[in-house]
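Each value in this text was obtained by applying a stated rule to the coordinates, not by laboratory testing. Computed from a prediction, not measured in an experiment: that's the story for all the values here. Note that each Cβ is placed from the backbone with ideal geometry, even for glycine, and that neighbours are counted across all protein chains shown.
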Amino acid sequence: MAAPAECRLIDTACFEAFLAQKDALPKRYDRLTGRFDEAVGALLDGWQGEGADAFAADAAVVRQGMTDIGETVALLCATVADIRELLGEADHRLGQANRQAI
């Protein structure tokens, strides 16, 4: 017995909502890292000694983590855009195949 024919739909509305923000996300992230850098700089301006050195080292680790996350956000935005484009191409090709089959 053959399986019933099914039509599967990939709802790309969530892609569209995300992609509408893809340029704003990295900018927002850059502003956050800038504020972090300003705060660390302000704290270290008047602070010396072992505590300041330890804080600076910890802040550098956190800052590197923030940089890594920023790169991941940029890669995620690019990947979602690529996936959306591939889905659009697949949909177009399926439409062409269906029209030719008629």
*Mind pulling the angle between the C-alpha long axis of helix 50-101 and the longest principal axis of the chain? Nearest 10 degrees, somewhere in 0 to 90.*
10
*Tell me, what is the FRET efficiency for residue 64 and residue 21 to the nearest 0.05, using R0 = 30 angstrom and their Cβ-Cβ distance as r?*
0.75
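Where does the chain land on Rg(C-alpha)/(2.2 N^0.38 Å)? Don't jump to the answer; show the numbers that get you there.
On the way: Rg = 23.8 Å, N = 102, 2.2 N^0.38 = 12.8 Å.
Output field value: 1.86.
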